[in-house]
Amino acid sequence: MAIEWLRCGHHVYIVSIWKKSRAACTMLYHLLLQTVKTQQSAGVSPGQPQLLQSHGGKDVFKVVNDLSQAASEGSLYVIADEVGSDLIPDYRIKNFQTLCELLLTRVPRLNLWAASCYHEQAPAGWQVEYLTRPLRSPPAVVREVEQDQRITTHSEVLPYRERGVPDHTDGPPVTRLYHRGQGHSGDRPGECVTCGREVASFLDSLRVGVTGRSTTTSTTLTSTSGGTTPPCLQWRDVLVLYWNNDSDQPGVVTGLQEAGIPVRVMEEDDIEDVATARSDVVWVAGVNGVRGLERKVVVCLDDVEYFFFRSELLQLTSPRLDLMSRCTSQLVIVSPDDKPLEGD
């Protein structure tokens, strides 16, 4: 929709409503910038995208004021991505609902599209569409993601429905590595140099970073479409993700570095670099820094379940929805042991 708005000459405002939506909104902003350049080269005079970021709380009111002042003749065009939250839903929903309600009172012709994987979070009376066809990931990955208890038990996320188009393949089989045995150290895979070396060995088997084309690798990673053989994987096609944001996974990083793999740990200042895949490196990141981003190869560390408190109830969740759903082809799961998650 944003592309159509731009084509019609309207300025489009991409709003990040909280810290964890910055990556997705930054990516969307840069994609729209590329669209504008394409339209301009075709002789069209499009509108311009602009990125606004809010950290929640009183900051929402500042964003509302900025958007109200930017409204042109009473019209405003806004896109917001990743507006929902799982662990603290009431707080985040309130920020988004406040934004919508205030804009409605100040902008006569408000055009606002927002997205979240958590349903029942839209302001009352707003039109809602549920997009649940799994078109981005192959069936092998979808089967892992759909076991998340936020889908199966808590009903916070709607279940997938049928894809509606033929699956050319099931996708590459999910690869499982285990943090156990001789040479492994630390309590978790992210702390283990040996786990990092094993991840590096698997990436080498995919010929990531190899110049030219590889029939074997390309066939393996062509999961949902046929046609010509794609180029080899690049380092920027790989994400190593972890759940615990208090750690930088030093063991895995060391193991990757020792294997000669260009790897960087994502910091807050790297969001734009990661969102645009500008640097040809393997990024290691906590899940909250990359919500809404996708890569062909995703290495998921710590395939375990976590307890957390919400509404005074102890609930169980797993990193399936947040980490594994970032994968569009080859999923690698590094587990503390070979004990399967509930539902496996």
**Subset of Lys37/Lys62; Lys37/Lys94; Lys58/Lys296; Lys20/Lys94; Lys20/Lys296 violating a 27 Å alpha-carbon distance limit** = Lys37/Lys62; Lys37/Lys94; Lys58/Lys296
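Work out, step by step, the length gained on full extension between Ser201 and Val128: first 0.36 nm times the residue separation, then minus their alpha carbon distance; give nm to one decimal. Could you put the intermediate results ahead of the total?
Working: separation 73, 0.36 × 73 = 26.28 nm, distance 4.50 nm.
Extra length from Ser201 to Val128 when fully extended: 21.8 nm.
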**Prompt:** What accessible surface, in Å², does a 1.4 Å probe find on Leu206, ignoring ligands, DNA and RNA and rounding to the nearest 10?
**Reply:** 10
**Asked** Hey, can you rank 146-157, 179-190 by average C-beta count inside 10 Å, highest first?
**Response** 146-157, 179-190
**Prompt:** Excluding ligands and nucleic acids, what accessible area in Å² is computed for Lys19 using a 1.4 Å probe, to the nearest 10?
**Reply:** 120
**Per-residue HN-Hα couplings for the range 144-158 [Karplus 6.51, -1.76, 1.60; θ = phi - 60°; Hz; x = Gly/Pro]** = 6, 5, 5, 8, 4, 6, 5, 9, 7, 10, 7, 6, 7, 10, 5
**Prompt:** Which whole-number percent is the relative contact order of the range 1-153 (Cα, under 8 Å, 6+ apart)?
**Reply:** 23
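Using R₀ = 51 Å, calculate the FRET efficiency as 1/(1 + (r/R₀)^6) where r is the Cβ-Cβ separation of Gln40 and Glu258; round to 0.05. Before the final figure, lay out the partial values.
On the way: r = 47 Å, r/R0 = 0.91.
With a Förster radius of 51 Å, E is 0.65.
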**Request:** Mind grabbing the accessible area of Arg163 for me, 1.4 Å probe, Å², rounded to tens?
**Result:** 20
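The values are calculated or read from the model by the stated rules, or taken from the named source; none is laboratory data. Predicted model only: the values in this text are computed from it and were never measured. All Cβ positions, even for glycine, are placed from backbone atoms using ideal geometry, and neighbour counts span all protein chains on display. Ligands, DNA and RNA are excluded from the accessible area calculation, which covers all protein heavy atoms including side chains. Shrake-Rupley method; radii C 1.70, N 1.55, O 1.52, S 1.80 Å.
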